[in-house]
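Here the structure comes first, spelled out in structure tokens, and everything after it is commentary.
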Amino acid sequence: MSRRVTLGFLLHHPAHFIALGFGAGLAPAAPGTVGTLVAIPIALLLRAYGDDLAFAVAIVAAFVVGAWASQVTGRALGVPDHGGIVIDEIAAFLLVLFFTGTTVPAIAIAFALFRLFDIVKPPPIRQLDAAMKNGIGVMLDDLLAAGYALLVYAIGQRLLT
């Protein structure tokens, strides 16, 4: 049985707060898109106040902590990959922004590509999403979407420059 995500649920456990993207997962429409947007100010802060190593460590930490938080929260909600769980979008889009950069055009193009692949879920993303119903699976399907987005971004850069 799936539980509704509420402010009370968000604040009930640290894993819920993390998995629900610090509140982004409470969005009544398109929580995955809202979660993806949360990565932008985080990436801008990491670029402004950290170096590449700090950015990379933040991405790895987001994936590791995100897998744990998604597992705990999915179990509590009764749905392994509940729509309100958006830490996977945040972590994956941070990875995309690490490579694309944080200029406005780069963010806009990267955002569109990542959302496209996260929503459409081309092979093997859809198969992985269906097969792995745990915190790691929640994180991995978005990691693959990030990979597709980065590949298309790189091809576009190569063809246009």
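The values are calculated or read from the model by the stated rules, or taken from the named source; none is laboratory data. From a predicted model like this one, the values you see are computed outputs, not experimental measurements. With ideal geometry, Cβ positions are generated from the backbone for all residues, glycine too; neighbour counts draw on all protein chains shown.
Note down all Cβ pairs under 8 Å where the first residue falls in segment 95-124 and is of a type outside the set (S, T, N, Q), the second is loosely packed, with under 12 Cβ neighbours inside 10 Å, and they're at least six residues apart or on different chains. The qualifying pairs are Phe98/Asp52.
Per-residue answers, yes or no, for (1) modelled with pLDDT of 95 or more; (2) outside any helix (DSSP H, G or I); (3) charged (D, E, K, R):
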{"position": "Val79", "(1), (2), (3)": "no, yes, no"}
{"position": "Leu95", "(1), (2), (3)": "yes, no, no"}
{"position": "Phe99", "(1), (2), (3)": "yes, no, no"}
{"position": "Thr102", "(1), (2), (3)": "no, yes, no"}
{"position": "Ala110", "(1), (2), (3)": "yes, no, no"}
{"position": "Arg115", "(1), (2), (3)": "yes, no, yes"}
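Checking each residue in segment 1-52 for being of a type in the set (Lys, Arg) and either without any contact (Cβ under 8 Å) to a residue 12 or more places away in the chain or part of a helix (DSSP H, G or I) (or both) picks out Arg4, Arg47.
Note on segment 105-123: residues that are among the aromatic types (Phe, Trp, Tyr) and touching a Ser or Thr at 6+ places or on another chain (Cβ under 7 Å) amount to 2. Filtering segment 58-83 to residues that are closer than 19 Å to Leu95 by Cβ and either in contact with an Asp or Glu (Cβ under 9 Å, 6 or more places away or on another chain) or among the small types (Gly, Ala, Ser) (or both) leaves Ala58, Ala61, Ala62, Phe63, Gly66, Ala67, Ala69, Ser70, Asp81. The condition of being assigned to a helix (DSSP H, G or I), within 23 Å of Ile155 (Cα to Cα) and charged (D, E, K, R) does not hold for Arg75.
Among the residues making up segment 1-33, those that are among the β-branched types (Val, Ile, Thr) and buried (at least 19 other Cβ atoms within 10 Å of the Cβ) are Val5, Ile18. Per the listing Ala48, Ala61, Ala56, Ala76, the residue uniquely surrounded by 15 or more Cβ atoms within 10 Å (Cβ to Cβ) and within 29 Å of Gly101 (Cβ to Cβ) is Ala56.
Here Arg75, Arg3, Arg115 are screened, and the one residue that is out of contact with any helix residue (DSSP H, G or I) (no Cβ under 7 Å at 6 or more places or on another chain) and of a type in the set (Lys, Arg) is Arg75. Of all residues in segment 59-81, those satisfying the criterion of being more than 23 Å from Ile40 (Cα to Cα) and not hydrophobic (A, V, I, L, M, F, W, C) are Gln71, Thr73, Gly74, Arg75, Gly78, Pro80.
The residue that is farthest from Leu77 (Cα to Cα), among those in segment 131-142 that are touching a Gly at 6+ places or on another chain (Cβ under 9 Å) and of a type in the set (A, V, I, L, M, F, W, C), is Ala131.
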